[in-house]
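Single-structure report; data block below.
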Amino acid sequence: MQLASTWTSDPFVTPGASRGRSSPLPGFGLSLGVTILWLSLIVLIPLAAVFVKSGSEGWATFWSAAASPRALAAYRLSFGAAALGAAINCVFGLLVAWVLVRYRFVGRKFLSALIDLPFALPTAVAGIALTALYADTGIIGRLLAEVGLPVAYKPAGVVVAVTFIGLPFVVRTVEPVLAEASSEVEEAAVTLGATRLQTFARVILPTIAPALATGFALAFARGAGEYGSVIFIAGNVPFKSEIAPLLIVTQLEEYNYAGAAAIACVMLLISFAVLFLLNLLQHWQQRRIA
């Protein structure tokens, strides 16, 4: 009788589960071990190698490369342009997500597919296309140059490139949250006398704010490390339009491996801080929903 009471017909439940403890799926230990091994080989070990290489020639060499005036100018451009591009995407990405969720029109699915184009398009192709458009001889660049707003081969070109590649992150992050938000609450606010601006500020924005912040962090992290689509339109002039990833490549071409690793370490630390903030925002969003 005791043996019969511990028997279960479910092959995914062990006899120990009948005593009140839930059991993980079969192979949990093996799956966890493979996961940690794969993560170590692909992420942890290469990143650790970068930090080891950056300190191979001493702290003085590390600091001279990571905090040189040229490197600081590259950090300011890379992270400044990434932040500005992510902020622009928060505004227009929210608008695009709103149109895709709240309206039904001819060509809606085609427009939705275009949003993901920066994901599939090779970054070099995107850089060449943007340069052709925004150069002084391009369709858009010629008009901007006439009013004194050159884009190509300027820091503004970096902002254009990172805005282009960051738009899908904001749209795809905000879109499902807008889809789940009930329009009845908005209609109730309007019925109670709230204006459209008040309804957006007090009803809609608090609901989508965590998702919007997550989209901003994703777009910022992607833009800060972007290389292929930026180098064609940036101009790559040191202290003016040179991004940090390009400076790393330049250091490698000069066989200054420790210097390149030092700059990469700074980029990694800042990127990790952004991802940590992203995880906090996701946790906050989950607690709000719960």
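The values are calculated or read from the model by the stated rules, or taken from the named source; none is laboratory data. Please read all numbers here as calculations on a predicted model, not as lab measurements. Note that we place each Cβ from the backbone using ideal geometry, even for glycine, and neighbour counts take in every protein chain shown. Protein only, heavy atoms only, side chains kept; ligands, DNA and RNA dropped before computing areas. Shrake-Rupley method; radii C 1.70, N 1.55, O 1.52, S 1.80 Å.
Would you call PHE79 modelled with pLDDT of 90 or more, open to solvent by less than 50 Å² (accessible area, probe 1.4 Å) and within 20 Å of the chain's Cα centre (by Cα)?
It is true that PHE79 is modelled with pLDDT of 90 or more, open to solvent by less than 50 Å² (accessible area, probe 1.4 Å) and within 20 Å of the chain's Cα centre (by Cα).
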### Query
Do you know which residues across the stretch 143-168 are touching a residue at least 24 places away in the same chain (Cβ under 8 Å) and outside any helix (DSSP H, G or I)?
VAL151, ALA152, TYR153, LYS154
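What residue, of PRO168, PRO210, is closer than 30 Å to ALA135 by Cα and of a type outside the set (A, V, I, L, M)?
Details: PRO210 fails: closer than 30 Å to ALA135 by Cα.
The match here is PRO168.
Residues being of a type in the set (A, V, I, L, M) and more than 28 Å from HIS283 (Cβ to Cβ): count how many of those fall in the stretch 163-222.
Let us first name the residues in the stretch 163-222 that are of a type in the set (A, V, I, L, M), namely 165, 167, 170-171, 174, 177-179, 181, 185, 188-190, 192, 194, 197, 201, 203-205, 208-209, 211-213, 217-219, 221.
Retained after the next criterion (residues that are more than 28 Å from HIS283 (Cβ to Cβ)): 188-190, 192, 194, 197.
Number satisfying all stated conditions: 6.
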### Check on GLY29, closer than 22 Å to CYS265 by Cα, modelled with pLDDT under 80 and open to solvent by less than 70 Å² (accessible area, probe 1.4 Å)
no
### Summary
Counting only residues that are open to solvent by less than 70 Å² (accessible area, probe 1.4 Å), within 18 Å of the chain's Cα centre (by Cα) and touching a residue at least 60 places away in the same chain (Cβ under 8 Å), the stretch 95-124 contains a total of 3
### Message
Looking for something among the basic types (Lys, Arg) and open to solvent by 80 Å² or more (accessible area, probe 1.4 Å) - is there at least one such residue anywhere in the stretch 42-53?
### Response
yes
### Query
Tell me, which residue of the stretch 91-134 that is under 23 Å from PHE216 (Cβ atoms) and among the hydroxyl-bearing types (Ser, Thr, Tyr) is modelled with the highest pLDDT?
SER112
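Residue by residue, here is whether (1) touching a Phe, Trp or Tyr at 6+ places or on another chain (Cβ under 8 Å); (2) at pLDDT 85 or above holds:
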site	(1), (2)
ILE139	no, yes
GLY166	yes, yes
PHE169	no, yes
ALA188	no, no
LEU192	no, no
ILE204	no, no
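Taking the stretch 242-269 as the search range and keeping residues that are among the hydroxyl-bearing types (Ser, Thr, Tyr) and free of Cβ contacts under 8 Å to residues at least 12 places away in the same chain, which one is most open to solvent (accessible area, probe 1.4 Å)?
Of the stretch 242-269, the ones among the hydroxyl-bearing types (Ser, Thr, Tyr) are 250, 255, 257.
From what is left, the residues that are free of Cβ contacts under 8 Å to residues at least 12 places away in the same chain are 250, 255.
Working: THR250: 27, TYR255: 170 Å².
Looking at the filtered set, the residue picked out is TYR255.
How many residues, within the stretch 244-273, are β-branched (Val, Ile, Thr) and over 18 Å from SER64 (Cα atoms)? Can you show your working first?
Of all residues in the stretch 244-273, those β-branched (Val, Ile, Thr) come to 248-250, 263, 266, 270.
If we keep only those that are over 18 Å from SER64 (Cα atoms) as well, we get 270.
Adding up the residues that qualify gives 1.
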### Message
Need the failing condition index for LEU39 against (1) of a type in the set (A, V, I, L, M, F, W, C); (2) at pLDDT below 65; (3) assigned to a helix (DSSP H, G or I), just the number.
### Response
(2)
### Task
Can you tell me which residue among PHE239, PHE272, PHE216, PHE220 is within 30 Å of PRO176 (Cβ to Cβ) and surrounded by fewer than 16 Cβ atoms within 10 Å (Cβ to Cβ)?
PHE272
### Task
Kindly establish whether GLY127 is in contact (Cβ under 8 Å) with a residue 40 or more places away in the chain, surrounded by 18 or more Cβ atoms within 10 Å (Cβ to Cβ) and farther than 29 Å from PRO210 by Cβ.
yes
### Query
What is the residue count in the stretch 246-269 for residues that are under 22 Å from PRO155 (Cα atoms) and in contact with a helix residue (DSSP H, G or I) (Cβ under 7 Å, 6 or more places away or on another chain)?
8
